[in-house]
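The values are calculated or read from the model by the stated rules, or taken from the named source; none is laboratory data. These numbers were taken from a predicted model, which means no experiment stands behind them. Using ideal geometry, Cβ is built from the backbone for each residue, glycine included, and neighbour counts are taken over all protein chains shown. Side chains are part of the model used for accessible areas, which takes the heavy atoms of the whole protein and leaves out ligands, DNA and RNA. Shrake-Rupley method; radii C 1.70, N 1.55, O 1.52, S 1.80 Å.
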Amino acid sequence: PSPAGLASTQKSSACMSLKHVLLCRQRRPTALVALFHGLGDNCTTLRPVAERWLAALPSVAFLLLEAPDRDYFARELLSGAWSGDWYREQRPRAAGESAEQHYFATISDRCDHVSGVLDDHLVSLGVGNERLVLAGFSQGSALAAYTGLRRRCL
């Protein structure tokens, strides 16, 4: 195991794959904290924060999620790593669809996508939705809030 405990990078069996890293020291954690990066980052940028929290909360698992789409400007991080965007539109706006409706559909689709990954981990870890905390930075915090409201969790 790494210094942070049991760590794995995997793809979910949810409807679409979503790169993520799970940091966990116990087979049956008491809670799951999912962290969402901001626009132009990736899941590895949150790892130092999650490792620090894991050291203080060893019974909690931390899931670092990565946006499935390259950011709008197709940038790379200075390290050459992926630069993600949680809100990149997946389809052109339909005839008669307002910009607001189109944007809402994009966010709704992404919340469904993330929820599938969260459900997979909650089941495999034996943690209930009431023990799920969603947090993020910038664009990731907005997606965490939207997803949390839909899931009725923190």
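Restricting attention to segment 82-154, which trypsin sites (Lys or Arg not before Pro) occupy a DSSP loop and are surrounded by at most 10 other Cβ atoms within 10 Å?
Listed in order of number, the matching sites are 152.
To the nearest 10 square angstrom, what accessible area does residue 146 show with a 1.4 Å probe?
100 Å²
Compute, for residue 100, the solvent-accessible surface of its heavy atoms (probe 1.4 Å) with the complete set of protein chains present, and express it in square angstrom to the nearest 10.
150 Å²
Near residue 131, within a Cβ-to-Cβ distance under 13 Å, what is the net charge of the other residues, with Lys and Arg +1 and Asp and Glu -1?
Details: positive: 28, 151, 152; negative: 130.
Taking every other residue near residue 131 into account, the sum is +2.
Using label points projected 7 Å from each Cα along Cα→Cβ, tell me how many nm separate residue 49 and residue 69, to one decimal.
Placing both labels 7 Å beyond Cα along the Cβ direction yields 2.2 nm.
Counting Lys and Arg as +1 and Asp and Glu as -1, what is the net charge of the other residues whose Cβ lies under 12 Å from the Cβ of residue 146? Could the numbers behind the result be given before it?
Working: positive: 110, 150, 151; negative: 109, 112.
That sum, taken over residues with Cβ under 12 Å, equals +1.
Taking a point 7 angstrom from the Cα of residue 102 along the C-beta vector, which residues in segment 110-154 have backbone N less than 20 Å away?
Inside the label zone: 110-111.
Quick one: 3J(HN,Hα) in Hz for segment 27-41, Karplus 6.51/-1.76/1.60 with θ = phi - 60°, rounded, Gly and Pro as x.
Whole-Hz 3J(HN,Hα) from phi for segment 27-41: 5, 10, x, 7, 7, 10, 10, 9, 10, 10, 6, x, 4, x, 10.
What distance in nm separates the simple spin-label points at residue 138 and residue 91, each placed 7 Å from Cα in the Cβ direction?
2.9 nm
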